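Everything below concerns the one structure shown next.
The values are calculated or read from the model by the stated rules, or taken from the named source; none is laboratory data. Everything numeric here is computed off the predicted structure, so don't read it as measured data. Here the Cβ positions follow ideal geometry from the backbone for every residue, glycine too, while neighbour counts run over all protein chains shown. Surface areas here come from the heavy atoms of the whole protein model, side chains and all, with no ligands, DNA or RNA. Shrake-Rupley method; radii C 1.70, N 1.55, O 1.52, S 1.80 Å.
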Amino acid sequence: MGIMTRDQKGWCSTQLRKAMEKQNITPICFGYHPIIGRVNYTPEASVNKINLSKDIDAMITRPIGRGSLEEIIFRMNLLHRLERLGLLIINPPIAIERSVDKYCSLTILHENGLPVPRTAVTESHDEALECFHELGGDVVVKPLFGSRGIGATRINDPDIAARVFRTISFYHGVLYLQEFIPHGGSDIRAFVIGTRVIASMRRVSENWKTNVSLGAKPVHLNLPKELENLAVKAAKLIGCKIAGVDIIEGPNGPVIIELNSQPGWRGLQSVTKIKIADEIINYILSELKA
Ligand SMILES: Nc1ncnc2c1ncn2[C@@H]1O[C@H](COP(=O)(O)OP(=O)(O)O)[C@@H](O)[C@H]1O
Ligand SMILES: [Mg+2]
């Protein structure tokens, strides 16, 4: 089994490697740079002399990484090519594409009746200021492709909004504005594998951002059935076999704020007895048999 990742020594990749070894599976872990894609001669895709469409039975994609537009599009098209060659890729490239773009995933969830916050997206700082008022003058501005809470900013002052929006558009960022949902300093992360939430946690924070990577405390949670159904449905709509679904319990009920196709689980593992890496490997083995 392959693991394609930007961080081969990372905690999650190490967990996956150990989980594979327990089951006598040889892990093949690699970064993006040495991969070769070939057209009209073989092997069609290889890395360090390993033929990616023949020498491995399945491949796990960990964070697709930072990179130039060319690098990221090449990585994605290589994944599509491998999928067409018959390799089982988890998560599938289409799911990565849909979830990495917060606008894309939110529209799909909303179109299918799942609750999401009111959100506006534009390239224009003037229009963004209009939207700031439409959304009640208290918004969270996020990078369209961001993660780990990095760069997400809460703005409830029109002067600051104008200044920030101008700066973001000056650097050709897309302005992604979302109504602020009061959550009292905690939200829910549900970890979906296949058609189940295998573990979940409440993330408790001293401020409005509840990312564990920013210091929020993970607390074990028995997820109510209704929220489990919501998370599983969301993952299925985006095409994720594995997903980290972020849910805020707002004043008008639960809303999904985002869905991660490459979720880490170090924080979650610290509050659950379920061995998450084992669950992932067992799931992939069951998919290979199916
Ligand atoms: N609309 C919102 N209202 C209130 N808090 C939010 C909102 N959106 C995000 N947050 C907080 O910011 C954190 C990061 O936002 P999120 O959309 O999950 O992006 P990231 O990909 O950076 O994790 C969330 O975990 C949540 O605590
Ligand atoms: Mg998040």
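The table that follows gives values for the structure above.
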quantity: Some residue of the stretch 203-219 being within 20 Å of THR61 (Cα to Cα) and of a type in the set (Phe, Trp, Tyr); calculated: no
quantity: Tally, over the stretch 165-193, of residues that are farther than 18 Å from PRO224 by Cα and either assigned to a loop (DSSP other than H, G, I, E, B) or open to solvent by 20 Å² or more (accessible area, probe 1.4 Å) (or both); calculated: 15
quantity: Filter pass, ILE36 being open to solvent by less than 70 Å² (accessible area, probe 1.4 Å) and more than 22 Å from ILE242 (Cβ to Cβ); calculated: no
quantity: Sole residue being small (Gly, Ala, Ser) and within 14 Å of ligand 2 (Cβ to nearest atom), chosen from ALA162, ALA199, ALA152; calculated: ALA152
quantity: Inter-residue pairs, beta-carbon under 6 Å, first closer than 20 Å to ILE160 by Cβ and in the stretch 99-127, second buried (at least 19 other Cβ atoms within 10 Å of the Cβ) and of a type in the set (Gly, Ala, Ser), 6+ apart; calculated: THR122/ALA128
quantity: Among residues of the stretch 250-284, those that are within 16 Å of ligand 2 (Cβ to nearest atom), touching a strand residue (DSSP E or B) at 6+ places or on another chain (Cβ under 7 Å) and not in a loop (DSSP other than H, G, I, E, B), counted; calculated: 9
quantity: Residues of the stretch 125-144 that turn out to be more than 16 Å from ligand 2 (Cβ to nearest atom), crowded, with 18+ Cβ neighbours inside 10 Å and not in a helix (DSSP H, G or I), as a count; calculated: 2
quantity: Subset tally (residues that are open to solvent by 30 Å² or more (accessible area, probe 1.4 Å), under 21 Å from ILE36 (Cα atoms) and part of a loop (DSSP other than H, G, I, E, B)) for the stretch 67-124; calculated: 4
quantity: SER147 vs. criteria open to solvent by 20 Å² or more (accessible area, probe 1.4 Å), within 10 Å of ligand 1 (Cβ to nearest atom), of a type in the set (Gly, Ala, Ser) and not in a helix (DSSP H, G or I); calculated: yes
quantity: Tabulated pairs, the stretch 253-266, first over 16 Å from GLU111 (Cβ atoms) and more than 9 Å from ligand 1 (Cβ to nearest atom), second part of a helix (DSSP H, G or I) and not hydrophobic (A, V, I, L, M, F, W, C), C-beta under 7 angstrom, 6+ apart or interchain; calculated: SER261/SER99
quantity: In the stretch 11-31, the residues that are open to solvent by less than 20 Å² (accessible area, probe 1.4 Å) and closer than 25 Å to SER68 by Cα; calculated: CYS12, SER13, PHE30, GLY31
